[in-house]
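Worksheet: the structure to be examined is printed underneath.
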Amino acid sequence: MPTSILVVDDEPRYLRLLEANLLMDGYEVITAQNGKEAIEMFSANQVDLIVLDVMMPHMDGFSVCQSIRQYSNVPIIILTAKGEEQDRVHGLDVGADDYLVKPFSIMELLARVRAVLRRAQVSTTGQDRYFTHGNLKIDLAQAEVWRGEQPIYLSATEYRLLLQFAHNIGKILPAEELLENVWGVEYRSDKEILWVTIARLRQKVEDDPHTPKHIVTRSGLGYLMPPVEG
């Protein structure tokens, strides 16, 4: 069954261009021209990835992303024409997995699509089913996470980042290593995407994100999940 991608853009020229090139690369493509239609199409179809424009009338891409994140961890790539830092950060903060700044090359788009889909595939071979760290619990077979009795919805990238810490408990992980292992070698210098994703992950898994116990910063060195005391 081909991978299905929902492409959302209110500019017909961009929508046709994205659809044609994704179809040529072997993907099944569903299109929407505004935020409301995007949510309707996502609800009615099985979608593996969303390519989502930010600047749309009535309901922008940030609102669409935030709405979908309330019930789904489907990978999302946002498209922004501005390229301003605040737009990239806000997109990641509401749950996007990656971003592209218009104008971009089709080769760059296809590379990002492949990278994000690859990150969404998490292997659990040879692992125990459950991982616990204090009140945090991960069902590795079902890719589900709880904080206490409360289920947590993570994006595919957030989940892969959390697994990096769970699989390396007590080990300091440098930013470059996390970026390469979660996003890919081409992201080794993109510290911004790591900072925003860690901040968002802490908001979800920590009782108090300002004094984290699961994902701790070691200034100048990196991050770690400390061993559970006792």
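The values are calculated or read from the model by the stated rules, or taken from the named source; none is laboratory data. From a predicted model like this one, the values you see are computed outputs, not experimental measurements. Ideal geometry is used to build each Cβ from the backbone, glycine not excepted, and the neighbour counts take in all protein chains shown.
Exactly one residue out of Ala111, Ala38, Ala115 is under 17 Å from Leu161 (Cα atoms), at pLDDT 85 or above and either assigned to a loop (DSSP other than H, G, I, E, B) or of a type outside the set (D, E, K, R) (or both), and it is Ala115. Among the residues making up the range 83-115, a single one is surrounded by 19 or more Cβ atoms within 10 Å (Cβ to Cβ), among the basic types (Lys, Arg) and touching a Leu at 6+ places or on another chain (Cβ under 8 Å): Arg112.
More than 23 Å from Asp98 (Cα to Cα) and touching a residue at least 12 places away in the same chain (Cβ under 8 Å) - does that describe any residue in the range 178-191?
Within the range 178-191, not a single residue is more than 23 Å from Asp98 (Cα to Cα) and touching a residue at least 12 places away in the same chain (Cβ under 8 Å).
Considering only the range 57-108, state which residues are assigned to a strand (DSSP E or B) and either within 20 Å of Gln203 (Cβ to Cβ) or charged (D, E, K, R) (or both). Once the filter is applied, which keeps residues that are assigned to a strand (DSSP E or B) and either within 20 Å of Gln203 (Cβ to Cβ) or charged (D, E, K, R) (or both), the range 57-108 yields Ile76, Ile78, Asp98, Tyr99. Inside the range 174-206, residues that are touching a Gly at 6+ places or on another chain (Cβ under 9 Å) and surrounded by 18 or more Cβ atoms within 10 Å (Cβ to Cβ) make up a count of 2. Residues considered: Val145, Val101. Of these, the only one that is under 28 Å from Leu6 (Cα atoms) and either of a type in the set (Ser, Thr, Tyr) or assigned by TED's automatic domain parsing to the domain that holds Asn73 (or both) is Val101. The numbered conditions (1) modelled with pLDDT of 85 or more; (2) more than 29 Å from Val145 (Cβ to Cβ) are all true for His58 except (1).
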